[in-house]
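Visitor: Pasting a structure below so you can have a look.
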Amino acid sequence: MNWQTATVLVTGGTGSFGQKFVEVALRELHPRKLIVLSRDELKQHEMRLAGFDHPSLRYFIGDVRDPGRLRRAFHGVDVVVHAAALKQVPACEYNPIEAILTNVMGARNVIDAALDAGVAQVMAVSTDKAVNPINLYGATKLCAEKLVVQSNAYAGSGHTRFACVR
């Protein structure tokens, strides 16, 4: 893939992984357009103030729980890096339905939007806690991994390809 002509979108782009990804992508890959999707307008504002103000950078308010918003965000996107998740183990244990809605159903929404938009590549960011999970966070990330990998079968002869990284 020629990154200089690619439009890349990162879900959870204001999180710790997302911010580092944006920094490295702008410095080393030089995508034509890099879209930061997150539901946190304050973190987007803070990113701008911290120097994340590049001509190819776009900020998009949205939530992986909202399929319609994802479809809008994925229009014309070539690569999706799916990093949005609830990651704090105690918060996931105390709010299990929220963890499931974001980590599992959010992954499903990303998959559906990517297939519908004809995105070329989707990379989902997982965790080592998905291996033999002992808590809900790990279990939700394991489910998300299974959904993402199996989506290659749904893509069929279409050109969307799905992968996970830990």
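Visitor: How about the stretch 5-62: which of its residues are surrounded by 15 or more Cβ atoms within 10 Å (Cβ to Cβ), of a type in the set (A, V, I, L, M) and farther than 23 Å from Gln88 by Cα?
Guide: Ala6, Val8, Leu9, Ala25, Leu26, Leu29, Leu34, Ile35, Leu57
Visitor: A further question on this structure: If you go through the stretch 125-133 one residue at a time, do you hit one that is among the aliphatic types (A, V, I, L, M), farther than 15 Å from Val89 by Cβ and open to solvent by less than 10 Å² (accessible area, probe 1.4 Å)?
Guide: no
Visitor: Next up: What single numbered condition from (1) modelled with pLDDT of 95 or more; (2) over 12 Å from the mean Cα position of the chain (by Cα); (3) closer than 30 Å to Ser56 by Cβ fails to hold for Leu101?
Guide: If we test Leu101 against (1) modelled with pLDDT of 95 or more; (2) over 12 Å from the mean Cα position of the chain (by Cα); (3) closer than 30 Å to Ser56 by Cβ, just (3) comes out false.
Visitor: Shifting gears a bit: Restricting attention to the stretch 64-81, report how many residues are outside any helix (DSSP H, G or I) and surrounded by fewer than 18 Cβ atoms within 10 Å (Cβ to Cβ).
Guide: 4
Visitor: For Thr102, work out the one condition from (1) within 28 Å of Trp3 (Cβ to Cβ); (2) open to solvent by less than 70 Å² (accessible area, probe 1.4 Å); (3) among the polar types (S, T, N, Q) it doesn't fulfil.
Guide: So the condition that Thr102 fails would be (1).
Visitor: Considering the stretch 118-143 alone, what residues qualify as being of a type outside the set (S, T, N, Q), part of a helix (DSSP H, G or I) and out of contact with any Gly (no Cβ under 8 Å at 6 or more places or on another chain)?
Guide: Asp128, Leu136, Tyr137, Gly138, Ala139, Lys141, Leu142, Cys143
The values are calculated or read from the model by the stated rules, or taken from the named source; none is laboratory data. The structure displayed is predicted, hence computed values, not measured ones. We place every Cβ from the backbone using ideal geometry, glycine too, and count neighbours over all the protein chains shown. All accessible areas refer to the heavy atoms of the entire protein, side chains included, with ligands and DNA or RNA removed. Shrake-Rupley method; radii C 1.70, N 1.55, O 1.52, S 1.80 Å.
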